[in-house]
Every structure is written in C-alpha cells, then in structure tokens.
Amino acid sequence: PGADFGGLPAAPVCDPAAMVACFSCVPPPASQRERKIYNVLVPDVFPAGPPSVDAPVPHATMKKISKLQEYCMFNPGKIGKVSRRLTRRIRQALAEGTPGHVRVGVSAYVYLLDHSSSEDRSYSLNYFNQELIHPPEELISSLVNHTDPFIRTQGFELLAAYIRAQSEVENQLSAVKPLVQRAARFVAGIAGGGGGAAASGAAGGGALEAGMR
C-alpha cells in the first residue's frame, strides 16, 4: 500500500506487469506500422496523366511494372490484393474515359501473366482467376465486350496473355472459350470495314493468334 500523507488517501502502487500490458495495447505510430506495399506499387504504375495510346508504354512505366512483378514473386500471398487493386484501377480508368490508363493496367496484367509461366516462377495464373474470368469482376469479358474498339483490343491482348499462361496441369481454357469465340466474331465482323476499325480488329486478331500458339 502507498504512504499516508496527513489523512490523504494512499496512492495505489502501480503493478509493473499491468503497466506493460496497458502500454502494449496502444497502437504504434503510423511510421512504425507495417506498410501495405501493394497499395504503393500498384498506383505508382499509373502515370499522373494517361499516356498516349499511339506510342509504346513508357519505359519508366514498364520499370515500375517490373518492380510490381518482383514484389509478387517474393510475396505470392499478396497477389490477390495486387490483382484486386489493379482491376479496380482499370475499371476507374474505364469510367473516367482514359484509355491510356486502361492500356497501362492491361500491360501490367500481361507482364504478370507472362512471368507466371517462367521457369523461376513462384506463382501461377490461378492467382488472377478471380478478377480476370470469374464473376462478378470478369475483367477480360468486360474489356472484350466493350463498345470502344481500342478497349476491345486491350481485352484481346489480356485474353491472349491469359491463354499463353495456361499449362497442361493448370488451365482454365474451358472458361475462356466463349471469350475467344466472341473475339473471333468481332475480328471477322470488322475485317472488311477498313480504316481504324479494321486495324483494331487486325491487332486484336494478331494478339489472340500469338496467344494461342
């Protein structure tokens, strides 16, 4: 018990163990909390201003995409979060009407998928199935069925990359068969249209042909 000072109530003696337990409940400052690195890497892939769709994806952007892939390689448990964040950003670009940002997002997905089939891979295409082919997201279907021919071409490229990433053991070819048929009808329908539409269809057809090899 604490000392008695002139009839005043005695001050309680603090239990050191209780003090430690109390302070352990206090959350650490933000600077000491674990950072969700994917929340930094995914947005960083997208430039502030959408790049031109008539030029290659900027080299600086591709370096950031490569950095994102390295993060996925060493943190496969975070790939689902990366994929969800990437899909949300592409859908935001679709809503905002910025095809340059859609293209960047698709390029990131293509890069991740292509590296999922490399010899030193630590993840597979199955990490991306939920966002790419399954409801409610079905990103590939959303792009392939878009009204804008350029966006549809991006869908073809993503579909082609998804097909390239298939293996005899891990594959979802039956799930994407309707998308391949849809793409084939699109290419056939505009092949004789001429102009930009025909060029877009040819690009989409070429992407699918390369993916099916």
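Scanning for something at pLDDT 95 or above and surrounded by fewer than 16 Cβ atoms within 10 Å (Cβ to Cβ), does region 64-72 turn up at least one residue?
yes
Only one of these conditions is not met by ALA30: (1) exposed (fewer than 12 other Cβ atoms within 10 Å of the Cβ); (2) modelled with pLDDT of 95 or more; (3) not acidic (Asp, Glu). Which number is it?
Failing condition for ALA30: (2).
Can you tell which of SER52, SER83 is of a type outside the set (D, E, K, R) and loosely packed, with under 15 Cβ neighbours inside 10 Å?
SER52
If the requirement is being free of Cβ contacts under 8 Å to residues at least 24 places away in the same chain and closer than 15 Å to ASP148 by Cβ, which of these qualifies: GLY97, GLY77?
On the way: GLY77 fails: closer than 15 Å to ASP148 by Cβ.
Answer to the selection: GLY97.
Please determine whether any residue of region 108-129 is touching a helix residue (DSSP H, G or I) at 6+ places or on another chain (Cβ under 7 Å), touching a residue at least 60 places away in the same chain (Cβ under 8 Å) and assigned to a helix (DSSP H, G or I).
Yes.
For region 140-176, how many residues meet the condition of being part of a loop (DSSP other than H, G, I, E, B), modelled with pLDDT of 85 or more and β-branched (Val, Ile, Thr)?
Within region 140-176, residues that are part of a loop (DSSP other than H, G, I, E, B), modelled with pLDDT of 85 or more and β-branched (Val, Ile, Thr) number 1.
The values are calculated or read from the model by the stated rules, or taken from the named source; none is laboratory data. This one's a predicted model, so the numbers in the text were calculated from it and none came from an experiment. Quick reminder, even Gly has a Cβ in these numbers, built from the backbone with ideal geometry, and neighbours come from all protein chains shown.
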